[in-house]
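Data first, discussion second: the structure below is written as structure tokens.
The values are calculated or read from the model by the stated rules, or taken from the named source; none is laboratory data. Remember, predicted model here, so these are calculated numbers, not experimental data. Please note: Cβ atoms are built from the backbone with ideal geometry, for glycine as well, and neighbour counts cover all protein chains shown. Areas reflect the complete protein model, heavy atoms only, side chains present, ligands, DNA and RNA absent. Shrake-Rupley method; radii C 1.70, N 1.55, O 1.52, S 1.80 Å.
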Amino acid sequence: MADTERMPLIERDTQLHSLAQYAREAAEGSGRLVLVSGEAGIGKSSLVEALHHQLAGVQWLAGSSDGLFVPRPLEPLHDIAAQAGGELQQLAAAGAARETLFAALLRRIGDATRLAVYVFEDIHWADEATLDLLRYLGRRIAHTKVLLIATYRDDGIAADDPLRVALGQLASQRSTRRIDLGTLSQDAVAQLAAGCGVDPALVFHLSGGNPFYVSEIIDHNGDGVPPSARDAVLSRVAALADEARSTLDVAALMGSRVEPDLLTTVTGSSERVLDQLLSTGMLVSDGRQLRFRHEIIRRAVAERVSPHRAASAHRRILSALLTGDNAFDGDDAVLAFHAEGAADAGAVLEYAPRAAVRASGLGSHREAAAQYERALRSARLAASLDRDRTALVADLTGRLAREQSLVDRWEEAAESGLTELALWRQLADQHREGDSLVFLSRVMRRLCRGPEALAYGEAAVATVEHLGRSAQLARALAQQALTLMTGGNYAAAGPLARRAQGIAVDLSLPDVLSDALNTESIVASQLGEDWEPLMRQALEIAVAGRIDDAAGRAFANLHLRLAGSHRFTEAEEVFRVGYTYCEDHDIATFGTCLRGAHAEALMMTGRWTEALSIATDMLRQPAVSPLNRVVLNSTIGRILARRGDDTAMTYLDAAVAYAVASGESLWIREVIPGRVEAHWLRGDRAAAVEDVELAVGAGLAADDWLDGEVSVWLRRLGGSAPLPFEGTARVHRLALAGDWVGAAAEYDRLERPYEAALALVSSGSPERQLEGVRRLDELGASATARVGRRAMRRRGIRSVPAGPRPSTVRNPAGLTTRELEVLALVSEGMTNDEIARRLVISAKTVDHHVSAVLAKLAVPSRRMAAAEARRLGVVMTAT
């Protein structure tokens, strides 16, 4: 019988050659992560197995993810650990923390003295922790002798699927390579069908060139050709004897991989029956376990099992798992799945919460949420809830809400949090009610529902304050301090934060202590006091205590403060370390916050293409909280407005709407100047004045830079409102005094090239204005440059440059002249230091140009940039 594994590997020579080349590169010490993609049944496993045959004698370790139920955290790693043995197997068996497991696997990879191959199959079903492991390894294998292969289906990936985000991040790593498998041609199908007595044209028509479908159709010799692979599978199942068919049904309910001993225990089948199933080709053996050759086969079989027979089978499987000795013994995720299939609510409530705790500890928060949802389905089965069951539902709902919040599912977290609150109030448990109110205050803030955040915070303090110095009171005080601080009420926020710290120290609550120190640090920053030691302490406590949420917030706020102080080099390093931490610990909310703030910092320093790429990519993700969308929309809108893009106002309007809804004066003051500038660039001075006066009327942000920026815009526009703030930043004082040349020099010192160019255009000096326009052209700020040209022409200045340099306009990638020069030298293999010496610029500036070139060409590496440039014909000779 024919199938994709046994049929010849046709039209895959190029892909197999590439895979073998990557293996050779890895053997030489340049580790590779290869992403192999294609639709279901396209032959991904066949390609990998073909390489396995070529690399006989090479260490080969493989694991796969199971599509049957809520993924078992780190399933492929457990498979690999069982094959590897030693320390890795011991740690996996002991339930070690994810960081420990990740580090152990990396040590094993790093210790390899010759080529080793690690295969992660079917990562479209992988849990978050497995995707995090791939990201972790992808950043660290460049100098190892490992070939890491990950296969996945690229059809039907949802927009919010974590795999889509992970693939984008993996693709940007220098060690990553991609192999995409397409369908077979009509000639290839004809070659496979030759001599089988089947019309090749009909086979191609029905299969669409999918190798699995081709094999199934050919296997039936053209008699009653099935319209889909499912029909082909079920027709083969129908040909089995009753005992073999019922055994296959149970195997399909167990998952993609099946332990033979467990299967025979549950079904009572003999080895003869297993041999019969293996002979059909639907099941294969890897030496330790049986597995379905294709997931399509397993699903087709499982879906034909009637509900009452499936429930009976799940009960038998659960019983065998609880009494037997097998690989899944004690695996709560597996037990919870079969318990639910068996309609055993008690067992579900025992195993699902434990599976959730384990998944959460491994950073698989979506899987943890799914397990809590499973537990809640069973907990609510009772016709009426007694007090104990109500308390259980309240607790599970609260746990679910917190998992949802960690992955930026804030609307769902709000719904779960409100349900939890109602239940604790029903039970008159004020301590837990206080916890719920604190959580809801945090949720409403992320949803930009400022008044509600404040109200829930006040209610939390009022609910638990009379209960004494408790953990609930400490958390309520810390949360209310945060809410007041973001609303600009620093006088009230500081004392509350310090009071929370006192209780946290007395009761040994490091999470509260870190959070309150973080808030106090921001208050100090806004009041012009020394903020950094407090923030560093908050971060140190969170990281040392493995308090992921607090650590994520500390990294995000440290980055924001450093970038806000124009310490961009330090901020970028904090971003690099902090974002890696958030990725490794699956803290999506603060990882998104860090990327958004990083994009804003890139915009400030003139790296607009990079900033726009990051911000637009993030904004396309559906699971981004409204609060995180404020800065993303603002960054995109500002850049597009400066480039003269008509869609800019859509983003700026959204940013302002989110900020106003949040009630946070810092956000309002941060985003309104962007819309003021957009109105000004479009020549709508009245709208610009209205917006800037709106910002003045909203009250001061008590942030020197933001308040000074509003004043500068008011002065530039000549609005009627009095200047709200003279500014303590030297650059604003210079601008408000009319010393635009001095302001430009100060902006240059602060690494704010756009503001420096704009100041020069405002200077009134023809020479300086010409320089400002030239700089704006180089930045790509075409709309701003046009404003500058119009102003110069109105003043009668001659020789006003007509527009961007021809070299920028002509090349299809939109590279500036300087970027073309840098690309030419990159293509010659020069390092950044060598390029800096050649062009007489700093290495840091070269790094900025290289990053911009990679972003514009949409490639992850210098080598690929050179190849893409040659393809587009944009390389020029460097001077």
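Structure summary
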item	result
Evaluation of VAL36 against (1) at pLDDT below 90; (2) surrounded by 22 or more Cβ atoms within 10 Å (Cβ to Cβ) (one fails), failing number	(1)
Hits in segment 597-621 - residues which are more than 23 Å from ALA554 (Cβ to Cβ), in a helix (DSSP H, G or I) and more than 15 Å from the chain's Cα centre (by Cα)	MET603, TRP608, THR609, GLU610, ALA611, LEU612
In segment 265-305, the residues that are in contact with a Phe, Trp or Tyr (Cβ under 7 Å, 6 or more places away or on another chain) and open to solvent by less than 20 Å² (accessible area, probe 1.4 Å)	MET282, LEU283, ARG298
Of all residues making up segment 742-770, the number that are open to solvent by less than 50 Å² (accessible area, probe 1.4 Å) and either on the phi < 0 side of the Ramachandran plot or without any contact (Cβ under 8 Å) to a residue 24 or more places away in the chain (or both)	20
Test: residue in segment 123-133 that is over 21 Å from the mean Cα position of the chain (by Cα) and at pLDDT 90 or above	no
In segment 49-68, residue modelled with the lowest pLDDT [restricted to those that are farther than 26 Å from GLU25 by Cα and open to solvent by less than 30 Å² (accessible area, probe 1.4 Å)]	GLY67
Filter result for the condition that a residue is among the basic types (Lys, Arg) and either at pLDDT below 80 or outside any helix (DSSP H, G or I) (or both), over ARG774, ARG786, ARG768, ARG798	ARG798
Which listed residue, of ASP691, ASP707, is open to solvent by less than 30 Å² (accessible area, probe 1.4 Å), closer than 20 Å to ARG638 by Cα and at pLDDT below 85	ASP707
Odd one out for ARG445, checked against (1) without any contact (Cβ under 8 Å) to a residue 60 or more places away in the chain; (2) open to solvent by 10 Å² or more (accessible area, probe 1.4 Å); (3) not hydrophobic (A, V, I, L, M, F, W, C)	(1)
Segment 606-628, residues that are touching a residue at least 40 places away in the same chain (Cβ under 8 Å), open to solvent by less than 20 Å² (accessible area, probe 1.4 Å) and under 30 Å from ARG775 (Cα atoms)	ARG607, TRP608
Flag for ASP739 being more than 38 Å from the chain's Cα centre (by Cα), within 22 Å of THR635 (Cβ to Cβ), surrounded by fewer than 18 Cβ atoms within 10 Å (Cβ to Cβ) and modelled with pLDDT of 90 or more	no
Helices (runs of 4 or more DSSP H) lying entirely in segment 398-494 (those with 1 or more residues that are of a type outside the set (Gly, Ala, Ser) and touching a Lys or Arg at 6+ places or on another chain (Cβ under 8 Å))	410-426, 430-446, 471-486
Criterion (in contact with a helix residue (DSSP H, G or I) (Cβ under 6 Å, 6 or more places away or on another chain), at pLDDT 90 or above and either surrounded by fewer than 22 Cβ atoms within 10 Å (Cβ to Cβ) or closer than 21 Å to LEU131 by Cβ (or both)) met by exactly one of ALA96, ALA27, ALA81	ALA81
Lone unmet requirement of (1) among the small types (Gly, Ala, Ser); (2) part of a helix (DSSP H, G or I); (3) touching a residue at least 12 places away in the same chain (Cβ under 8 Å) for GLY528	(2)
Residues located in segment 566-594, provided they are free of Cβ contacts under 8 Å to residues at least 60 places away in the same chain and either surrounded by fewer than 21 Cβ atoms within 10 Å (Cβ to Cβ) or among the aliphatic types (A, V, I, L, M) (or both)	ARG567, GLU570, ALA571, GLU572, GLU573, VAL574, ARG576, VAL577, LEU594
Selection from segment 622-654 of residues that are hydroxyl-bearing (Ser, Thr, Tyr) and either within 24 Å of the chain's Cα centre (by Cα) or assigned to a helix (DSSP H, G or I) (or both)	SER625, SER634, THR635, THR650, TYR651
In segment 388-440, the residues that are under 20 Å from SER625 (Cα atoms), of a type in the set (D, E, K, R) and open to solvent by 40 Å² or more (accessible area, probe 1.4 Å)	ARG399, ARG402, ARG409, GLU411, GLU412, GLU415
Candidates ASP261, ASP187 - the one that is under 27 Å from LEU318 (Cα atoms) and either at pLDDT 80 or above or over 43 Å from the mean Cα position of the chain (by Cα) (or both)	ASP261
Which numbered condition HIS308 misses (of (1) modelled with pLDDT of 85 or more; (2) closer than 27 Å to SER360 by Cα; (3) open to solvent by 50 Å² or more (accessible area, probe 1.4 Å))	(2)
Sole residue being more than 30 Å from VAL214 (Cα to Cα) and within 22 Å of the chain's Cα centre (by Cα), chosen from TYR152, TYR136	TYR136
